[in-house]
Ligand code: LRH
Ligand code: MN
């Protein structure tokens, strides 16, 4: 039985206040869906099975290059971060695994981290390497790149770091390594565009070959710009797909929703990566301008729905051996990170539930008849369906909170940890 950091009595009492209203709302939704020939219980079972990993770096207050304004009770180390992630899981029941980032989470022996995770009912998802910052005492700098650097010694250092991350992941029971490469250039001519990519592919091929076994995956994350502002080595899904195809069978592409130019049709990219058999996972968040790392579904929930619509369609077509991994990757600059992550996991499950309500037979018929209006309306009808009662009922049945943020605020968890955790000073810059 997992250790609960919020008194279960508080959750039960809070649930009791909302139980009657929820039962009525759920019943009404079930009636609405049954008129559409949809079994609400079947949808609830599917949604309850959808799990989203939370980023360890997301439970601390985020910032921008201008400033970071830490909130009360900032997590001081990996154990504080695990406790905050356990609260998100205790109340939301959708995020049973944590994604760690090295060396940011290199603050304890992995065996003790794994053991504490188990006590808290948490597992570990993809681990993340970091060759976009130099560490104290590091022999070679990553100023001009890492896995694509012109100097073989620098590439070897970066490859060794990634292999070290894999061994830490193994100790945690993780089964994937995510590599986001910041490598790129700020001036035309600064780097040879083709050779930089070839060096990167050679490096990830070596990392793919060092994965422990067939169950492991290498997730290659692309990004259109920042910190490079002229060319990024893995700039888009095309570069990423070429690299994943060249690196080996266990290499797949990771789609961070914020890593695209504003008007990009991301669901189309998702459909292409599925067709190529190389869709490995997602970093869910939302954005309007750049890599804003805002809460998933907080800017354009319809776009999030359209991404899940492609995933549900692919599932119906059995288009993959293994479903893509879902993770949140956000920066919480002005909210309590625990509240934002619970609301974002809910937004992901909401998009999934709405995508499960799409009448795919009707949609296929409209598409075959080029009935654009009714095809679009078939999707929008599912998106317009308020599945809030279903999401709350899924949490209630799983022992979570009908209203996670309400229960969380009632628990005074933030005040409690603020009293015992060291006060964290604000800083000039830096996202985390
Ligand atoms: C890069 C990124 C990557 C992480 C970092 C925290 O923008 O999305 O996934 O390593 O954020
Ligand atoms: Mn990301």
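The values are calculated or read from the model by the stated rules, or taken from the named source; none is laboratory data. On a predicted model such as this, the values are computed, not experimentally measured, just so you know. When we count neighbours, we look across all protein chains shown, and the Cβ atoms used for this are built from the backbone with ideal geometry, even at glycine.
Below is a table of values for the structure above.
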item: Unique residue being touching a strand residue (DSSP E or B) at 6+ places or on another chain (Cβ under 9 Å), more than 14 Å from ligand 1 (Cβ to nearest atom), in a helix (DSSP H, G or I) and in contact (Cβ under 8 Å) with a residue 60 or more places away in the chain when the list is 348, 353; result: 348
item: Residue 425 vs. criteria out of contact with any strand residue (DSSP E or B) (no Cβ under 6 Å at 6 or more places or on another chain), at pLDDT 95 or above and more than 16 Å from ligand 2 (Cβ to nearest atom); result: no
item: Number of positions in the range 306-332 that are touching a strand residue (DSSP E or B) at 6+ places or on another chain (Cβ under 6 Å) and either more than 16 Å from ligand 2 (Cβ to nearest atom) or within 18 Å of residue 291 (Cβ to Cβ) (or both); result: 3
item: From 326, 341, residue being part of a helix (DSSP H, G or I) and touching a residue at least 40 places away in the same chain (Cβ under 8 Å); result: 341
item: Selection count, the range 194-228, where residues are part of a helix (DSSP H, G or I) and more than 18 Å from residue 149 (Cβ to Cβ); result: 2
item: In the range 295-305, residue nearest to the chain's Cα centre (by Cα) [restricted to those that are crowded, with 21+ Cβ neighbours inside 10 Å and outside any loop (DSSP other than H, G, I, E, B)]; result: 304
item: Matching residues in the range 46-84 - criterion: being without any contact (Cβ under 8 Å) to a residue 40 or more places away in the chain and more than 30 Å from residue 316 (Cβ to Cβ); result: 77, 78, 79, 81
item: Among (1) closer than 30 Å to residue 2 by Cα; (2) surrounded by fewer than 22 Cβ atoms within 10 Å (Cβ to Cβ); (3) in contact with a strand residue (DSSP E or B) (Cβ under 6 Å, 6 or more places away or on another chain) - the single one residue 178 does not satisfy; result: (2)
item: Residues of the range 233-255 satisfying the condition of being part of a loop (DSSP other than H, G, I, E, B), surrounded by fewer than 24 Cβ atoms within 10 Å (Cβ to Cβ), touching a residue at least 40 places away in the same chain (Cβ under 8 Å) and within 16 Å of ligand 1 (Cβ to nearest atom); result: 235
item: The range 217-232 residues that are under 15 Å from residue 193 (Cα atoms), paired with ones that are part of a strand (DSSP E or B) and within 15 Å of ligand 2 (Cβ to nearest atom) (beta carbon under 9 Å, 6 or more apart); result: 224/232; 225/232
item: Lone qualifier among 289, 282 - being within 16 Å of ligand 1 (Cβ to nearest atom) and assigned to a loop (DSSP other than H, G, I, E, B); result: 289
item: First in the range 362-387 and under 21 Å from residue 304 (Cα atoms), second anywhere and not in a helix (DSSP H, G or I), Cβ under 7 Å, 6 or more apart; result: 378/358; 378/359; 379/358; 382/357; 382/358; 385/357
item: Residue list for the range 256-278, restricted to those being buried (at least 16 other Cβ atoms within 10 Å of the Cβ) and either within 16 Å of ligand 2 (Cβ to nearest atom) or over 15 Å from residue 319 (Cβ atoms) (or both); result: 256, 257, 258, 259, 260, 266, 269, 270, 273
item: Some residue of the range 181-202 being more than 16 Å from ligand 1 (Cβ to nearest atom), over 25 Å from residue 231 (Cβ atoms) and out of contact with any strand residue (DSSP E or B) (no Cβ under 6 Å at 6 or more places or on another chain); result: no
item: Residue check for residue 78: within 16 Å of ligand 1 (Cβ to nearest atom) and in contact with a helix residue (DSSP H, G or I) (Cβ under 6 Å, 6 or more places away or on another chain); result: yes
item: Candidate set: the range 129-160, residues that are in contact (Cβ under 8 Å) with a residue 40 or more places away in the chain and assigned to a helix (DSSP H, G or I); chosen: the one farthest from residue 103 (Cα to Cα); result: 155
item: Condition met for residue 55 (modelled with pLDDT of 95 or more and touching a helix residue (DSSP H, G or I) at 6+ places or on another chain (Cβ under 7 Å)); result: no
